[in-house]
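The values are calculated or read from the model by the stated rules, or taken from the named source; none is laboratory data. These numbers come from a predicted model, not from an experiment. Please note: Cβ atoms are built from the backbone with ideal geometry, for glycine as well, and neighbour counts cover all protein chains shown. In case anyone asks, the SASA skips ligands and DNA or RNA and just uses the protein heavy atoms, side chains included. Shrake-Rupley method; radii C 1.70, N 1.55, O 1.52, S 1.80 Å.
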Amino acid sequence: MEKQEYLIGDIAAITGLSRDALRFYEKRGILTPKKKSNGYRYYTEDDLYLLVRILFSKKMNLGLDAIETLMVSPPLDCEHKQTLSQQIESEISAIRSHRQTLARLLSIKKIYEELEECQNRFCLKPFPNCRVLHTMDSAADGLKQWFLLSRQYEGLDMVYVYDCYRYQAGFSLDEAQINYDYSQLLIYEEVMRCMEPEYDFSGCEVFRESAPCIFTVAEVSAVAPCLSVVGAMRQWAAGQGIVASPKIYVTSNFARLKDGVCSYYQEIYIPVISS
């Protein structure tokens, strides 16, 4: 049975490929249309089958060089298996990277929402479910450890540095003090799901702060929590019949220059002792 013949315009209409793309495949030797005495190139069902293979391979994100190799080698050739295995690993890595990028975007969106809802306002909120990666004796060491982890492991840039302080009351607010205690690198449970199995979290202690916390977001000019903000949080809690713990957890987001001075948007958590 004689094979049906198609002009380049017919093939373009059937496949959705441009004429330029078809000519390019011909130039690379992947397609071999027959040129007749009238000067026109004709394609057959053989070329359509080849184009099915080409387009499907492109949908697997294979490069043209790999496609050319696959087109001429038998299916069980070891190069087939190697190419497919490499592409599978590449796609798994890309999916992982996209999941982590999405997690970053969702994390920033959540911070924006909290900033909009809670800046200079007080509320009760549970501390995020998380695990402790490292505990350090200084805020500077916490930052250094963050950079170290973010270089070593893709995705651990989503770890939060929390500086932990203790409030010491005085006879008046002016005599009260806030003393630095330690710093911790914490990773939220929702972020951990994007990191496994590259990083083993099984040995990381679960952060346990079961009590609700007095929460606010404040813009400050220092990494240490502002005594007036903490004092106002404690006064608000007292007005609600809530006893605030001396512990203060602070993470600084969105460092920026404001009038030439570094400014921070801090999330501040003060656990509740009783209410």
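How many residues does the range 253-266 contain that are open to solvent by less than 10 Å² (accessible area, probe 1.4 Å) and not hydroxyl-bearing (S, T, Y)?
Qualifying residue count for the region: 1.
Out of A66, A103, which single residue is farther than 30 Å from Y188 by Cβ and assigned to a helix (DSSP H, G or I)? Break it down stepwise before answering.
Working: A103 fails: farther than 30 Å from Y188 by Cβ.
None of the others qualify; the one that does is A66.
Taking the range 226-252 only, how many residues are open to solvent by 10 Å² or more (accessible area, probe 1.4 Å), not polar (S, T, N, Q) and not in a strand (DSSP E or B)?
Residues meeting the conditions: 11.
Hey, can you tell me all the residues within the range 110-138 that are more than 15 Å from Y162 (Cα to Cα), basic (K, R) and at pLDDT 90 or above?
R121, K125
Just give me the residues in the range 139-173 being hydroxyl-bearing (S, T, Y) and either touching a Lys or Arg at 6+ places or on another chain (Cβ under 9 Å) or at pLDDT below 90 (or both), in sequence order.
Of everything in the range 139-173, those that are hydroxyl-bearing (S, T, Y) and either touching a Lys or Arg at 6+ places or on another chain (Cβ under 9 Å) or at pLDDT below 90 (or both) turn out to be S150, Y153, Y165, Y167, S172.
Restricting to the range 30-63, count the residues that are assigned to a helix (DSSP H, G or I) and of a type outside the set (D, E, K, R).
So the answer is 9.
Look through the range 110-120, keep the residues that are free of Cβ contacts under 8 Å to residues at least 24 places away in the same chain and over 14 Å from E190 (Cα atoms), and return whichever of them is surrounded by the most Cβ atoms within 10 Å (Cβ to Cβ).
So the residue we want is Y112.
Pairs under 9 Å by beta carbon, first residue closer than 28 Å to P212 by Cα in the range 127-154, partner of a type in the set (A, V, I, L, M) and exposed (fewer than 14 other Cβ atoms within 10 Å of the Cβ), six or more apart or different chains?
N129/V206; C130/V206; R131/V206; V132/V206
Can you pull out the residues in the range 56-92 that are surrounded by fewer than 12 Cβ atoms within 10 Å (Cβ to Cβ) and modelled with pLDDT of 85 or more?
Of everything in the range 56-92, those that are surrounded by fewer than 12 Cβ atoms within 10 Å (Cβ to Cβ) and modelled with pLDDT of 85 or more turn out to be F56, K59, N61, D65, Q82, S85, I88, E89, I92.
Residues in the range 130-144 that are open to solvent by 30 Å² or more (accessible area, probe 1.4 Å) and either of a type in the set (D, E) or part of a helix (DSSP H, G or I) (or both): how many?
6
Could you look through the range 19-47, keep only residues that are of a type in the set (F, W, Y) and within 48 Å of the chain's Cα centre (by Cα), and pick out the one that is most open to solvent (accessible area, probe 1.4 Å)? Outline the logic, then answer.
Residues of the range 19-47 that are of a type in the set (F, W, Y), as a first pass: 24-25, 40, 42-43.
Remaining after also requiring within 48 Å of the chain's Cα centre (by Cα): 24-25, 43.
On the way: F24: 94, Y25: 11, Y43: 1 Å².
My answer is F24.
Take the range 206-225 and flag every residue that is open to solvent by less than 50 Å² (accessible area, probe 1.4 Å), in contact with a Ser or Thr (Cβ under 9 Å, 6 or more places away or on another chain) and either among the charged types (D, E, K, R) or part of a loop (DSSP other than H, G, I, E, B) (or both).
Matches in the range 206-225: A211 only.
Do we find that V217 is more than 31 Å from the chain's Cα centre (by Cα) and under 30 Å from D157 (Cβ atoms) in this structure? So that I can check it myself, show each step before the final result.
Values: more than 31 Å from the chain's Cα centre (by Cα): no; under 30 Å from D157 (Cβ atoms): yes.
Taking the combined requirement at face value, the residue does not satisfy it.
Please go through the range 193-205 and pick out each residue that is open to solvent by 10 Å² or more (accessible area, probe 1.4 Å) and not aromatic (F, W, Y).
The answer is R193, C194, E196, P197, E198, D200, S202, G203, C204, E205.
I'm checking my understanding of the structure. Among residues of the range 1-18 that are of a type outside the set (D, E) and in a loop (DSSP other than H, G, I, E, B), which one is most open to solvent (accessible area, probe 1.4 Å)?
Only one residue tops the list, namely M1.
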